[in-house]
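Here's the structure, in structure tokens; my notes come after.
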Ligand SMILES: [Zn+2]
């Protein structure tokens, strides 16, 4: 964790405290602007429980593909990358 990241975290923490301290004022302001009825209408129209369930299931099932899926694997002994077609690890010589 470098110094820039620490400074960013401190600023983020201060902003979070200020927002949480004024949450009632912010909620009142959002209601005056008209964000609250718009969000309620969007929630009623598009975020039905079925849609939320499907989106959650897709987010859980969605995994990032590995960089070389299928062509390489890691050696069980030294964890170096080896081709799947090789029988022996080129680093440590163990049988794969
Ligand atoms: Zn190895």
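Any read-out appearing in this document is the output of simple, stated calculations on the displayed coordinates, not a laboratory observation. Keep in mind it's a predicted model, so treat the numbers as computed, not measured. Here Cβ is always computed from backbone atoms with ideal geometry, including for glycine, and neighbour counts include all displayed protein chains.
Helix 49-61 against the longest principal axis of the chain: what's the angle in degrees, Cα atoms only, rounded to the nearest 10?
30 degrees
Can you report the principal axis dimensions of the stretch 1-40 using only the alpha carbons, biggest first, rounded to whole angstrom?
Here the Cα extents, ordered largest to smallest, are 43, 18, 12 Å.
Provide the gained length on full extension for the span residue 57 to residue 2, in nm with one decimal, where the gain is 0.36 nm per separating residue minus the Cα-Cα distance. Numbers along the way, then the final one.
Numbers: separation 55, 0.36 × 55 = 19.80 nm, distance 3.61 nm.
Answer, rounded to one decimal: 16.2 nm.
Using the alpha-carbon atoms, what tilt in degrees (0 to 90, nearest 10) does helix 23-33 show relative to the longest principal axis of the chain?
Helix 23-33 sits roughly 70 degrees off the main axis of the chain.
Taking the chain as the reference, fit the longest principal axis to its C-alpha atoms, fit the long axis of helix 3-21 to the helix C-alpha atoms, and give the angle between the two in degrees, 0 to 90, nearest 10.
With both axes taken from Cα atoms, the answer is about 30 degrees.
Take residue 85 and residue 32, extend 7 Å from each Cα along the Cα→Cβ direction, and tell me the distance between the two endpoints in nm.
Distance between the two pseudo-spin positions: 7.0 nm.
Write down the Å³ per residue value for the convex hull defined by the alpha carbon atoms of the chain. Mind showing how you got there, number by number?
Numbers: hull volume 19.8 nm³, N = 96.
Dividing the Cα hull volume of the chain by its residue count gives 206 Å³.
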